[in-house]
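Here is the structure we will look at.
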Amino acid sequence: MYEEYSLRRETLVTRLECTIQSFEVYHYLEMYEEYSLRRETLVTRLECTIQSFEWSDRLKSKKDTIQSVYRPKRDALKMKPSVKLSDFLAARTSLLLVEKTSSANVPDRGGRPNEAQPPPPEMPSWQQRSAPGQAPNQPRALPEPSKLSNLRSAPRGLPKQRIRPPGQWGQL
């Protein structure tokens with residue numbers, strides 16, 4: 001009976017070890033993919049930054065120099081991280097602690113959407129819109145009768161459009 005119990009216990013321990021190993025490998029693969037994605041993102045950002053330097057008027061003439069310095073260093077960067085399963089297993093929870101990086105007190109700069117004030121209205125509700133160059137509370141002047149013939153009737157609520165005779169398309 002003891003032998004049967006011992007054999008059963010060994011089988012369960014072996015299964016548990018296999019489960020733990022597969023669990024560790026699964027999480028390692030997830031972390032490896034995460035590291036790979038982050039690395040690709042950083043390299044893409046680096047390339048965009050270098051490209052934006054080349055667009056500068058001052059540095060357009062030095063594009064070849066920039067590339068000759070940048071390319072060897074860029075080629076040395078590997079897209080796949082060098083993290084191994086042993087690194088993953090050796091990691092401790094103390095790596096999760098983030099130490100304070102700034103010793104100075106930094107004032108709160110705000111920026112929270114729920115604290116933002118709405119912009120002031122462009123036109124007070126008690127005041128009517130006026131034409132450009134006209135005093136705010138003055139009634140609008142009617143257009144001259146000669147200009148009325150150039151106005152096309154528009155559906156209600158839409159502004160009237162000026163019709164230009166042919167040959168005057170470039171003039172306002």
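Assorted remarks:
- Selection count where residues are part of a helix (DSSP H, G or I) and either on the phi > 0 side of the Ramachandran plot or surrounded by 10 or more Cβ atoms within 10 Å (Cβ to Cβ) (or both), scope the stretch 50-59: 5
- Answer from Val98, Val43 - the residue that is part of a loop (DSSP other than H, G, I, E, B), out of contact with any helix residue (DSSP H, G or I) (no Cβ under 7 Å at 6 or more places or on another chain) and either β-branched (Val, Ile, Thr) or touching a residue at least 60 places away in the same chain (Cβ under 8 Å) (or both): Val98
- Residue check for Leu158: modelled with pLDDT of 80 or more, over 30 Å from Ser22 (Cβ atoms) and not small (Gly, Ala, Ser): no
- The listed residues are Leu89, Leu95, and the only one of them that is in contact with an Asp or Glu (Cβ under 7 Å, 6 or more places away or on another chain), closer than 30 Å to Leu42 by Cα and at pLDDT 60 or above turns out to be Leu89.
- Of all residues in the stretch 67-83, those that are assigned to a loop (DSSP other than H, G, I, E, B) have Cβ atoms under 9 Å from Cβ atoms of residues that are aromatic (Phe, Trp, Tyr), 6 or more apart or on another chain, in Lys80/Tyr32; Lys80/Tyr35; Pro81/Tyr32; Pro81/Tyr35; Val83/Tyr28; Val83/Tyr32; Val83/Tyr35.
- Filtered residues of the stretch 89-125 (kept if surrounded by 10 or more Cβ atoms within 10 Å (Cβ to Cβ) and more than 30 Å from Ile20 (Cβ to Cβ)): Met123
The values are calculated or read from the model by the stated rules, or taken from the named source; none is laboratory data. Because the structure is a prediction, the values reported are computed rather than measured. Reconstructed Cβ throughout: ideal geometry from the backbone, glycine too, with neighbour counts over all protein chains shown.
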